[in-house]
Amino acid sequence: MKGIFKEWVPEWLIKLILFSSLMPSMVLFFLPGANTNVTAGFYGAQPSDIQFLIILFYAGFVGFYVLERRFFLYFPIKQYYIIFNLLQILNCFLMYSITDISWVYGLRFCQGMLFASAVNLSIYMIFSRLKSDWAKEVSYAVFFGMLLCSSPFNTFVTAEFIDSFNFDQLYLYAALSFVPGLLLIMLSMRSIRHMRPYPLFSLDWASCIFYSLVIVSFGYLMVYGQEVYWFNDRQLLIVFGLGLTLLLVFIVRQMALKRVYIHLSVFKNRKFLLGLLILYMMYVERFSLAISNQYLVQVIQLDPIHLSYIQWFNIGGVVAGVLGSLYWMLGQRPVKWIWISGYCCLLLFHQWMYFSFEGQGNDAHFWLPLVVHGLGVGLIMVPTILFCIASVTPQLGASAAAVCLAIRYLGYTSSIGLQNFFRLFEHAQHQQVFSGQTEAGNPLFREYLQQESTSILSHGLQFKEYTAALKLVAERVKEQSFVRYAMDYYEVMSMISISILLLILISPSLKSMYKRLRKNRISPA
């Protein structure tokens, strides 16, 4: 990458430019989910609609990732940076101006497409600045470490803003956050090419559209399925049929095309399939942290600002995990032992939280489990993606990277579907069981209610103490139902961790990953 930047630009400023152009896009990723209730209230929507906004961003990223490589190879780097930064600013301004969520859906998908451009170019730039033999591992560790930290970091950054400003102003500030990086790029970069431009003809837009619609339909099923009792709803049945049909069309099209969108032959590699399973399950377990956050808000009564502060422990764990995995990879340790360490951390987190869920608690007791969760996720992420890409031939490296991205998306959406099932089904069942114990004919309940009424009287309420006691009981039933649902979910996550650990233990050493990684180009170029 020598010559792209002007001579007067120091190395530290180059790194600042690269990160300043990437961070605003990462903040946009989970921005609607920073405070779901505020976002839903602003758009007049349901919390499930806000989940779908995040999924659409992710779907735009996944669907456009492969096609974006053609644009990356065509435009000069400086010009490409300027184009997608200007488009991101325009998109954020439209998000600031529009309050109809129907239009916001399309804008979020476009944001995801622009994020794909930022990711490919930023990884390539970071990769090109590193001259060592381990440039691939380091560049991927830097990027995916930032990506893993984006959700808790976004919660921290936006919590104060959401509490102080209208929600739509967040997008105005997001648009402004792209300006410093854009100005630095315009001032410090040369407008030159380092590769021969690949003309923009025969772009496979059809495959891109089919692929994108398939992943969007899967996300739609996961978000709204349990809410409408799955296939009892006609609209959901139509979406499922459409998604399945488009998937079959996409597969047949890839078999017939000479220049395929994604090489389906990558799925013939057993090591690659093992890596995909490890990655998928890790992503399902990664987002189980959302239930711990719900517990801290609903039961421990943390406000969003203090919840954002405690997320720094998770960020610290992620950073430590990524650095630990990078150290072991540089030492060419067998990847299976890195996986085992990571999944042991996730198992420990879920078991720790399982026995910590109570109707009352202190938030000071939960910082260490958050560190352990981040450590496990950080240990697994980068080695698994590099293992998957190293498992295939160099010609299939780009397709392997695209499939890994799709698997991460499927893991995230599956975690949403699983959590929605437990929240709407298991939670309701527990609440029904608890409610059955609070009937007037139950002598234990009458005694408990009398104690609560007496306690309320002693604290100063001189009338309708019985009604107030009933309301307190209803709140406690609701809390206990949530606690039981959270315990059920973490029990399932623990079983998944144990199953994956057993699978990894019976797998071979897998140390050949590092030899093949030298031959396989994993940068966008």
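Criterion first (among the hydroxyl-bearing types (Ser, Thr, Tyr) and crowded, with 16+ Cβ neighbours inside 10 Å) does Tyr327 satisfy it?
no
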Assigned to a helix (DSSP H, G or I), within 20 Å of Asn154 (Cβ to Cβ), out of contact with any strand residue (DSSP E or B) (no Cβ under 6 Å at 6 or more places or on another chain) and not small (Gly, Ala, Ser) - does that describe any residue in the stretch 60-74?
yes
Could you please give the count of residues in the stretch 1-60 that are acidic (Asp, Glu) and either within 18 Å of the chain's Cα centre (by Cα) or open to solvent by less than 20 Å² (accessible area, probe 1.4 Å) (or both)?
1
Among the residues of the stretch 256-270, the number that are exposed (fewer than 14 other Cβ atoms within 10 Å of the Cβ) and closer than 14 Å to Asp204 by Cα is 4
Members of the stretch 41-52 that are in a helix (DSSP H, G or I) and in contact with a Leu (Cβ under 9 Å, 6 or more places away or on another chain)
Tyr43
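Return the total of residues in the stretch 359-412 being of a type in the set (S, T, N, Q) and open to solvent by 20 Å² or more (accessible area, probe 1.4 Å).
Within the stretch 359-412, the subset of a type in the set (S, T, N, Q) is 360, 362, 384, 391, 393, 395, 399.
Next cut, open to solvent by 20 Å² or more (accessible area, probe 1.4 Å) only: 360, 362, 393, 395.
Total meeting the criteria: 4.
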Select, from Ile89, Ile50, the only residue that is closer than 26 Å to Phe5 by Cα and at pLDDT 85 or above.
Ile89
Is it true that Arg253 is basic (Lys, Arg) and buried (at least 19 other Cβ atoms within 10 Å of the Cβ)?
no
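Just to verify a result, which residue in the stretch 224-239, among those that are aromatic (Phe, Trp, Tyr) and assigned to a helix (DSSP H, G or I), is nearest to Gln51 (Cα to Cα)? Let's see the steps before the verdict.
Initial filter on the stretch 224-239 (aromatic (Phe, Trp, Tyr)): 224, 229-231.
Subset that is assigned to a helix (DSSP H, G or I): 224, 230-231.
Numbers: Tyr224: 10, Trp230: 17, Phe231: 20 Å.
The residue in question is Tyr224.
Looking at Leu187, Leu176, Leu172, Leu242 in this structure, which one is among the hydrophobic types (A, V, I, L, M, F, W, C), open to solvent by 50 Å² or more (accessible area, probe 1.4 Å), over 30 Å from Leu18 (Cα atoms) and in a helix (DSSP H, G or I)?
Working: Leu187 fails: over 30 Å from Leu18 (Cα atoms); Leu176 fails: over 30 Å from Leu18 (Cα atoms); Leu172 fails: over 30 Å from Leu18 (Cα atoms).
The conditions single out Leu242.
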Checking Phe349 against (1) in contact with a His (Cβ under 6 Å, 6 or more places away or on another chain); (2) outside any helix (DSSP H, G or I), the condition it does not meet:
(2)
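Scanning for something open to solvent by less than 20 Å² (accessible area, probe 1.4 Å), among the basic types (Lys, Arg) and outside any loop (DSSP other than H, G, I, E, B), does the stretch 97-111 turn up at least one residue? It would help to see each step written out before you state the result.
Taking the stretch 97-111 and keeping what is open to solvent by less than 20 Å² (accessible area, probe 1.4 Å), we get 104, 108, 111.
Narrowing the set further to residues that are among the basic types (Lys, Arg) leaves 108.
The next check asks that each one be outside any loop (DSSP other than H, G, I, E, B); those that pass are 108.
Taking every residue of the stretch 97-111 in turn, at least one turns out to be open to solvent by less than 20 Å² (accessible area, probe 1.4 Å), among the basic types (Lys, Arg) and outside any loop (DSSP other than H, G, I, E, B).
The values are calculated or read from the model by the stated rules, or taken from the named source; none is laboratory data. Note that the coordinates shown come from a computational prediction; the quantities given were computed from them, not determined experimentally. Glycine gets a Cβ as well: all are built from the backbone with ideal geometry, and neighbour counts include every protein chain shown. When the accessible area is computed, the model is the full protein with side chains, heavy atoms only, and any ligands, DNA or RNA have been set aside. Shrake-Rupley method; radii C 1.70, N 1.55, O 1.52, S 1.80 Å.
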